[in-house]
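Got a structure here, written out as structure tokens. Questions coming.
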Amino acid sequence: MASGVKPRVKAPKSASAGETVTIKTLISHKMESGLRKDKDGNLIPRSIINRFTCEFNGKSVIDVEMQPSISTNPYFEFEATIPEAGDMKLTWYDDDGSVYEDSKSIAVG
Amino acid sequence: MKFKTMSVIAAVAMALPTFSMADPDDDKLVINGEIEVATKVAPAAHLDGALSEVMSGWHFRNDDTQAMEMDDFDNPGMLGAENGMAIWEAAEGSEGKSCADCHGDPAESMKGVRASYPKFDEKAGTLMTVQMKMNECRTERMGAEAWKYDAGKAIDVEAMIASHSRGMPVNVAIDGPAAPFWEKGKEIYYTRYGQLELSCASCHEENYGNMIRADHLSQGQINGFPTYRLKNAKLNGVHSRFKGCIRDTRAHTFSPGSDEFIALELYVASRGMGLGIEGPSVRN
């Protein structure tokens, strides 16, 4: 069970219709690769965020499959075209089954 | 045949004009589009002409690394500062008190603290760093255990405290009761350590702007500490950095929190007098 996991999202509060905006996301997570050993020589079990998705009004913006060896606190920056006002829903899926969510409302005008 | 190829390569390499790729740049550091940080200032009088211009290590990093520090969302060091704020508000120890119970909002109470430390403390009768003051509070007023020097929680709280001084000029007192500590720090700065017989000055005074293997040598200013380093993906304290440097000279080093490093911290801080505080900064 990963501890201290906290998602953060930076998105503009408003955009003009059809505008391309930059979304920045970061989730604090240790991203244990499963390949390291502790000081007694035992394998530390893998614990990573394995999938990250972003949806805008239910429509997929990006869907990322993540692998071990992505470093701690994974950061994603991407662009999205905003056709109309709505909610941007961001979801991170943890190896342990936990799902972390955040959402941002973007107004048009 | 092989020999011939080698000679041609050597000849071409020698014909290229010599230029240094490690020189500092002229970019301007503005954090979050609002905090202007002085990164190039005139040297203080006590430097006696040792440096022609005092420069933050920020100038020696590439544009991508520089940009990370210019926005709190992009600066991974701010995650530590955020955690430091949570620790600030949490009650701990036998007295059931938190930092916030006495000191309130750190944006007010801790403003300028990072810029003026290490500072001579009348009551303790010695030179004290921010982390020593934190531990004094913990053991004397909170009834909590002292944190290990430069370890996780201590560095997170120090980063949070530093963040409230960003942009303010380094201004440490080096006269009066602090003078003997400053002299001791200066002596350490110019002492050659280790099998490689290198002093701090050998790299950071005589060779800043040159390459050290694949990296750029800065002036070794400490206005940016605690520093988030990309190489170990965590916040690093200034004493840990000193230790790393001395270890690299193949010497037996002093420990973080030792009298030697406290004195050295004052001296190195004084070399950067006038530079804006950047902590938590981002470096390689």
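The values are calculated or read from the model by the stated rules, or taken from the named source; none is laboratory data. Owing to the predicted nature of the structure, the values given are computational and were not obtained by experimental measurement. Ideal geometry is used to build each Cβ from the backbone, glycine not excepted, and the neighbour counts take in all protein chains shown. What goes into the accessible areas is simple: the full protein's heavy atoms, side chains included, and nothing from ligands, DNA or RNA. Shrake-Rupley method; radii C 1.70, N 1.55, O 1.52, S 1.80 Å.
Is it true that A:Ser60 is open to solvent by 60 Å² or more (accessible area, probe 1.4 Å) and either aromatic (Phe, Trp, Tyr) or within 14 Å of another protein chain (Cβ to nearest Cβ) (or both)?
When the stated conditions are applied, A:Ser60 does not pass them.
Consider A:Thr25 carefully, then state whether it is open to solvent by less than 20 Å² (accessible area, probe 1.4 Å), within 14 Å of chain B (Cβ to nearest Cβ) and hydroxyl-bearing (Ser, Thr, Tyr).
So A:Thr25 passes the test.
Quick one: what pairs do we get from the range B:224-237, first residue more than 11 Å from chain A (Cβ to nearest Cβ) and assigned to a loop (DSSP other than H, G, I, E, B), second of a type in the set (Ser, Thr, Tyr) and open to solvent by less than 40 Å² (accessible area, probe 1.4 Å), C-beta under 9 Å, 6+ apart or different chains?
Once the first residue is more than 11 Å from chain A (Cβ to nearest Cβ) and assigned to a loop (DSSP other than H, G, I, E, B) and sits in the range B:224-237, its partners that are of a type in the set (Ser, Thr, Tyr) and open to solvent by less than 40 Å² (accessible area, probe 1.4 Å) give B:Gly224/B:Ser56; B:Gly224/B:Ser281; B:Phe225/B:Ser281; B:Pro226/B:Ser281; B:Gly237/B:Thr227.
If we keep just the residues of the range B:207-225 that are touching a helix residue (DSSP H, G or I) at 6+ places or on another chain (Cβ under 9 Å) and at positive phi, which is surrounded by the most Cβ atoms within 10 Å (Cβ to Cβ)?
Only one residue tops the list, namely B:Gly220.
Separate question: For the range A:63-94, enumerate the residues that are open to solvent by 70 Å² or more (accessible area, probe 1.4 Å) and among the aromatic types (Phe, Trp, Tyr).
A:Tyr75
For the range B:156-171, enumerate the residues that are crowded, with 22+ Cβ neighbours inside 10 Å, hydrophobic (A, V, I, L, M, F, W, C) and either touching a Lys or Arg at 6+ places or on another chain (Cβ under 8 Å) or not in a helix (DSSP H, G or I) (or both).
The answer is B:Ile161, B:Ala162, B:Val170.
Here are the criteria: (1) touching a Leu at 6+ places or on another chain (Cβ under 6 Å); (2) aliphatic (A, V, I, L, M); (3) not in a helix (DSSP H, G or I). Tell me which single one B:Ala146 does not satisfy.
Against the list (1) touching a Leu at 6+ places or on another chain (Cβ under 6 Å); (2) aliphatic (A, V, I, L, M); (3) not in a helix (DSSP H, G or I), B:Ala146 comes up short only on (1).
Can you name every residue in the range A:1-37 that is hydrophobic (A, V, I, L, M, F, W, C) and either at pLDDT below 90 or over 18 Å from the mean Cα position of the chain (by Cα) (or both)?
The answer is A:Met1, A:Ala2, A:Val5, A:Ala15, A:Ala17, A:Leu35.
Tell me whether the range B:272-283 contains one or more residues that are open to solvent by less than 40 Å² (accessible area, probe 1.4 Å) and out of contact with any strand residue (DSSP E or B) (no Cβ under 8 Å at 6 or more places or on another chain).
no
Give me the residue from the range B:115-136 that is outside any loop (DSSP other than H, G, I, E, B) and touching a helix residue (DSSP H, G or I) at 6+ places or on another chain (Cβ under 7 Å) and, out of that set, surrounded by the most Cβ atoms within 10 Å (Cβ to Cβ).
Here the answer is B:Gln131.
Further, regarding this structure: If you scan the range B:193-238, which residues turn out to be under 18 Å from the mean Cα position of the chain (by Cα) and of a type in the set (Val, Ile, Thr)?
B:Ile222, B:Thr227, B:Val238 - these are the residues of the range B:193-238 that are under 18 Å from the mean Cα position of the chain (by Cα) and of a type in the set (Val, Ile, Thr).
Considering only the range A:68-82, I want to know if a residue exists there that is within 14 Å of chain B (Cβ to nearest Cβ), charged (D, E, K, R), free of Cβ contacts under 8 Å to residues at least 60 places away in the same chain and within 29 Å of B:Arg229 (Cα to Cα).
The answer is yes, given that some residue of the range A:68-82 is within 14 Å of chain B (Cβ to nearest Cβ), charged (D, E, K, R), free of Cβ contacts under 8 Å to residues at least 60 places away in the same chain and within 29 Å of B:Arg229 (Cα to Cα).
Another question, if that's okay. Going through the range B:234-252 one residue at a time, which ones are open to solvent by 40 Å² or more (accessible area, probe 1.4 Å) and of a type outside the set (D, E, K, R)?
B:Ser240, B:Cys245, B:His252 - these are the residues of the range B:234-252 that are open to solvent by 40 Å² or more (accessible area, probe 1.4 Å) and of a type outside the set (D, E, K, R).
Just checking, how many residues over the range A:38-51 are over 27 Å from the mean Cα position of the chain (by Cα) and of a type outside the set (Asp, Glu)?
Residues that pass the stated criteria total 3.
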